[in-house]
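The block underneath contains the structure these notes are about, expressed in structure tokens.
The values are calculated or read from the model by the stated rules, or taken from the named source; none is laboratory data. No experiment lies behind these values; they were computed from the predicted model shown. For neighbour counting, all protein chains shown are included, and Cβ atoms are generated from backbone atoms with ideal geometry for every residue, glycine included. Remember, those area values only see protein heavy atoms, side chains included, never the ligands or the DNA or RNA. Shrake-Rupley method; radii C 1.70, N 1.55, O 1.52, S 1.80 Å.
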Amino acid sequence: MIKVTKDLLKHLEELSKVGVSEEERAKLAESIQEILDYMKLLDEVDVSDVDIMYTPIEGSASLRKDEVRKFPSEKIVKNFPEEEKNQAKVPPILG
Amino acid sequence: MGYKKDQIKDFAEEIKEKDKDIKAFITIVDDPEVPESGEYKGVPIAIKDNIITEGIKTTCASKILENYIPPFDATVVKKLKEAGFVIIGKTNLDEFAMGSSTERSAFFPTRNPIDLERIPGGSSGGSAAAVAADMVPVALGSDTGGSIRQPSAFTGIYGFKPTYGLVSRYGLVAFASSLDQIGPMAKTVDDIAKVMSVIAGKDEMDSTTVDVNIDFLKDLNKGIKGMKIGAIKTVFDEQGLHEDVANAFEEFVKVIEELGAEVEWVDVPSIKYSVAVYYIIAPSEVSSNLSRFDGVRYGLRIKGENIKEMYMKTRNAGFGEEVKRRILLGTFTLSATYYEAYFSKAQKVRRKISDELYNSLKEFDALILPTVPTPAPKIGEIKDPLTYYLMDIFTIPANLAGLPAINVPFGKSGNLPLGMQIMGRRFEDAKVLRIAKAIQESTTKNKDGKTHGCYREIKS
């Protein structure tokens with residue numbers, strides 16, 4: 001049975017890039033433990049002859065042509081958290 | 001009841017006044033755009049604040065999008081405007097639609113107009129409250145595990161989740177893409193059908209929409225004589241089932257029989273696994289879908305020493321507890337070590353539930369069951385997330401299988417409204433509405449308060 005420890009939570013925070021406070025971590029670990037315990041209910045279901053179901057519209061999805069469309073860029077630029085010369089400014093990625 | 005350009009400002013002011021205690025709206029548009037043509041010219045509609053509206057702030061009730069102004073309209077919004085509807089405001093929800101009470105909004109909780117001490121349900125609680133309190137005749141919600149139907153039940157209105165693939169999700173901020181569907185909420189089935197006629201249809205911007213043509217209005221008043229309805233008896237096994245809900249369900253069966261349909265009790269045993277399946281699949285999709293909120297191109301940014309620190313800080317400050325819980329839970333269930341045990345397993349049980357429902361629906365025109373096991377709880381009454389999750393047990397199956405389902409206001413517990421659900425075959429949405437209409441007609445004739453609310457229809 002899975003035990004939701006603080007270390008596991010910290011690992012999940014790293015993977016998902018979600019910062020969490022100490023206090024929140026304890027609370028989240030407790031509730032996630034309770035939820036995962038509840039999911040043991042599925043252990044009794046035999047799925048040996050069942051295929052995975054990702055979506056209700058299996059096989060019927062259709063794609064559109066890959067065509068460039070013009071978009072009013074000023075409305076996009078307005079939403080940038082930081083902007084310089086119509087470009088989104090971000091912290092350094094290397095280092 | 002369409003409004004003209006010079007009247008709409010007063011109407012918006014009226015909503016502001018009515019909304020003081022209820023707090024259904026995050027944004028009320030001061031000077032809304034009134035289309036000059038369209039069948040429903042000047043009819044106001046409220047839109048859940050996770051559906052994108054060009055030039056009108058769309059927050060998803062999250063701090064991470066608190067000041068986000070979308071550069072485009074969702075397909076449904078575009079279609080509503082073309083049909084003449086006025087986008088009057090954006091309604092409150094649980095942050096990113098994750099919750100069943102609207103208490104998880106990052107800004108404020110919405111109150112139930114029937115009893116201000118109680119939740120309106122959620123996540124489309126703002127839309128439900130706005131309709132129930134007669135602020136607007138119709139509203140749009142979104143439904144991933146019951147988020148249209150459950151608040152409709154708690155506030156005594158009609159709320160419809162269409163067949164998956166019938167309404168475009170383009171511009172609906174994605175929560176769980178294989179389950180999400182937009183749908184209307186209103187006080188009459190006719191209004192539900194009218195809005196469906198406007199918003200349904202294939203959209204090249206959403207590859208999961210299907211090219212089917214449904215006339216929602218043609219057979220709406222034809223009654224249900226001769227239909228065969230399956231009443232799901234498995235609901236009585238549910239430990240949390242409130243006595244008043246159980247009684248109302250039995251009464252509901254009687255009304256349907258009186259209307260000339262044949263009702264047979266049917267067992268759908270796998271329903272008991274639906275909550276466990278849903279709370280693996282939905283958070284898994286959440287952990288992927290919400291990775292786009294990273295402080296880079298839009299929304300909140302909290303500065304950091306480097307890009308990783310910026311991500312962590314931004315997502316810490318921007319997301320509330322429930323959103324974090326689901327991202328972390330989904331990251332766990334998708335991780336390589338646990339993928340088979342949780343995600344794959346859940347997807348297989350999803351097919352089992354879906355197959356059971358499909359097989360039942362081969363025999364029946366529709367299935368019926370209560371919408372929620374209980375009436376609306378008080379604000380702050382339920383603190384434990386799992387208790388709220390378990391309340392979704394009757395609404396989740398329709399999402400897992402992609403079936404159309406409607407909440408019909410039926411019965412009461414004290415002064416609180418209850419709701420019953422009709423679930424139909426895929427793309428037989430019109431038949432689901434036809435059954436609901438027959439019940440609406442019959443129950444409004446009764447003077448025992450089985451449905452409540454006015455019957456103000458939207459007219460051009």
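Can you tell me, using C-alpha contacts under 8 Å and at least 6 residues apart, the relative contact order of chain B as a whole percent?
Working: 1140 pairs, mean separation 86.3, N = 460.
Across chain B, relative contact order equals 19 percent.
Probe radius 1.4 Å, ligands and nucleic acids left out: can you give me the accessible area buried at the B-A interface, summed over both chains, in Å² to the nearest hundred?
In total, chains B and A hide about 5800 Å² from solvent.
Let me check against my output: what whole-number percent is the relative contact order of chain A, with C-alpha pairs under 8 Å and at least 6 apart?
With pairs under 8 Å counted, the relative contact order is 16 percent.
Which whole number gives the average, over all residues in A:41-48, of C-beta atoms from other chains lying within 10 Å of the residue C-beta?
6
Per-residue mean of other chain beta-carbon atoms within 10 angstrom of the beta-carbon, peptide B:150-161?
Whole-number average of other-chain Cβ neighbours for B:150-161 is 0.
Show which lysines lie in cross-link reach of A:LYS85 when reach means a straight Cα distance below 30 angstrom and same-chain residues fewer than eight apart are skipped.
A:LYS17, A:LYS70, A:LYS75, B:LYS57, B:LYS63, B:LYS303, B:LYS308, B:LYS313
If you take the beta carbon distance between B:ALA317 and B:GLU257 as r and set R0 to 45 Å, what does 1/(1 + (r/R0)^6) give as a FRET efficiency, to the nearest 0.05?
0.20
Quick one: if you stick a label point 7 Å off each Cα along the C-beta vector at B:ILE69 and B:ASN415, how many nm between them?
Simple spin-label model gives 4.2 nm for this pair.
I need the calculated FRET efficiency for the pair A:LYS78 and B:VAL210, taking r as the beta carbon distance and R₀ as 35 Å, to the nearest 0.05.
It comes out at approximately 0.50.
Across the residues of B:345-357, average count of Cβ atoms on other protein chains within 10 Å?
For peptide B:345-357, the averaged partner shielding equals 5.
Excluding A:GLU24 itself, calculate the net charge of residues whose Cβ lies under 9 Å from the Cβ of A:GLU24, where each Lys or Arg counts +1 and each Asp or Glu counts -1. Walk me through the intermediate numbers first.
Values: positive: A:ARG25, A:LYS27, B:LYS324; negative: A:GLU22, A:GLU23, B:GLU321.
For residues surrounding A:GLU24, the net value is 0.
Give the carbon-plus-sulfur fraction of the accessible surface of the range B:259-303 in %, rounded to a whole number; probe 1.4 Å, heavy atoms of protein chains only.
Here it works out to 51 percent.
I'd like to check one number: the per residue accessible area of chain B, probe 1.4 Å, reported in Å² as a whole number.
33
Arrange the peptides B:223-235, B:134-146 so that the one whose residues have, on average, the most other Cβ atoms within 10 Å appears first.
Ranking the peptides B:223-235, B:134-146 by packing returns B:134-146, B:223-235.
Could you bin all the Cα-Cα distances of the protein assembly as shown into 20 Å bins starting at 0 and give me the percent of pairs in each, rounded to whole numbers?
Histogram of Cα-Cα distances, whole percents per bin: 23, 58, 19, 1.
Only bridges whose two residues both fall in the range B:1-123 count here: according to DSSP, what percent of them are antiparallel, nearest 5?
50
So how far, in whole Å, is the C-alpha centre of the range B:97-151 from the one of the range B:260-318?
Using only Cα atoms, the two centres lie 19 Å from each other.
Determine the percent antiparallel among the DSSP beta bridges restricted to chain B, to the nearest 5.
For chain B, the DSSP antiparallel bridge percentage is about 65.
Compute the separation of the alpha-carbon centres of the range B:360-388 and the range A:34-65 and state it in Å as a whole number.
So the separation of the two Cα centres works out to 21 Å.
Bins of 20 Å, beginning at zero and ending with the bin holding the largest distance: percent of Cα pairs per bin for chain B, please.
27, 60, 12, 0
Within the range B:1-56, which GluC sites (Glu not before Pro) sit in a loop by DSSP and count at most 12 neighbouring Cβ atoms inside 10 Å?
Details: sites: B:GLU13, B:GLU14, B:GLU17, B:GLU33, B:GLU36, B:GLU39, B:GLU54; in loops: B:GLU33, B:GLU36, B:GLU39, B:GLU54.
Counting only loop positions with at most 12 other Cβ atoms within 10 Å, the GluC sites (Glu not before Pro) in the range B:1-56 are B:GLU36.
How long is chain A along each principal axis, judged by its Cα atoms, biggest number first, in Å?
Its Cα atoms span 57, 46, 24 Å along the three principal axes.
Can you list residues from other chains, or at least 5 along the same chain, whose modelled amide H is less than 5 Å from the amide H of B:ASP203?
Residues meeting the criterion, in which the H sits 1.01 Å from N, are B:THR209.
In the protein assembly as shown, what % of DSSP beta bridges are antiparallel (nearest 5)?
Antiparallel bridges: around 70 percent, rounded to the nearest 5.
Below 15 angstrom from the Cβ of A:ASP43, what's the summed charge of the other residues (Lys, Arg +1; Asp, Glu -1)? Walk me through the numbers before you get to the answer.
On the way: positive: A:LYS40, B:LYS272, B:LYS345, B:LYS348, B:LYS352; negative: A:ASP37, A:GLU44, A:ASP46, B:GLU340.
Here the count lands on +1.
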